[in-house]
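None of the figures in this text is laboratory data; all of them are computed from the coordinates on show. The structure displayed is predicted, hence computed values, not measured ones. Quick reminder, even Gly has a Cβ in these numbers, built from the backbone with ideal geometry, and neighbours come from all protein chains shown.
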Amino acid sequence: MHHFKSVVSLGAVFAVTACGGGAEGQGELSTQESALVTGVSQGCTFTVSSAPRQPGPFPYIFDITLTREASASCPWSAGSVVVGFSNGTPSTVSLAANDLGVAVSYTYRTGGPSPQQLGIKHVAPDTLAINRSTGLYFSAVGRFIYAGDLSIEPDGMTLTVSGTKNAPIVGETGSGDDYVATFPDFFTSETTPSIVAY
């Protein structure tokens, strides 16, 4: 099992001031940056990034792209797939990988006063097909999930998502601005997560 992370700023904060969000969350959002995160699955290095679509509309649409690098250890050629997008707000992204697949998370908004939620995808390392699409959500506008950091537990099957938010996520127990969501058998099932706030 291979799993590692590296984070590199892409300096996309400039676009936050253009999204016209409300006062709540604007200060939080302005401190965030798009990130570049890498991991290894079946000998291949994968990178996820959030970048403005080019040529793009205004407000900006930020595409979340997973890229597979060509290398001597990778049995497949270089390739990429867009796994999601955020309308008007740069995404905070995260990646975790092992030989079962690549997990990607990203914050996103659909435009206007929509809440900032978290998308989570399982991508096949060989075909780059999206095998599972899920996420963490709110049921009201003006709410924000600020990040969803991914890690794979030692069993190799359980995906853990942790981060901060400013309102209860649908399905959570507990209370507080921090959360941990646990997806058992993430790569091989559609089991719903347990979400605990603290």
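If a/c stays under 1.5 just call it rounded; otherwise compare a/b with b/c (prolate if a/b is bigger, oblate if not). Do that for segment 45-198, with a ≥ b ≥ c from the square roots of the Cα gyration tensor eigenvalues.
On the way: a/c = 2.42, a/b = 1.17, b/c = 2.07.
Judged from the Cα gyration tensor, segment 45-198 comes out oblate (a/c at least 1.5, b/c at or above a/b).
Using mean Cβ contacts within 10 Å as the protection proxy, how do 191-197, 93-99, 181-187 order, highest first? Walk me through the intermediate numbers first.
On the way: 191-197: 15.9, 93-99: 24.3, 181-187: 20.0.
With the highest mean Cβ count within 10 Å placed first, the list reads 93-99, 181-187, 191-197.
Give me the extension gain from Thr188 to Asp99: residue separation times 0.36 nm, minus the current Cα-Cα distance, reported in nm with one decimal. It would help to have the intermediate numbers written out before the result.
Working: separation 89, 0.36 × 89 = 32.04 nm, distance 1.22 nm.
The span from Thr188 to Asp99 would gain 30.8 nm if fully extended.
Highest mean packing first, where packing is the average number of other Cβ atoms within 10 Å per residue, the peptides 125-135, 53-63 line up as 125-135, 53-63.
If R0 equals 41 Å, the separation of the Cβ atoms of Ser139 and Thr67 corresponds to a calculated FRET efficiency of about 0.75.
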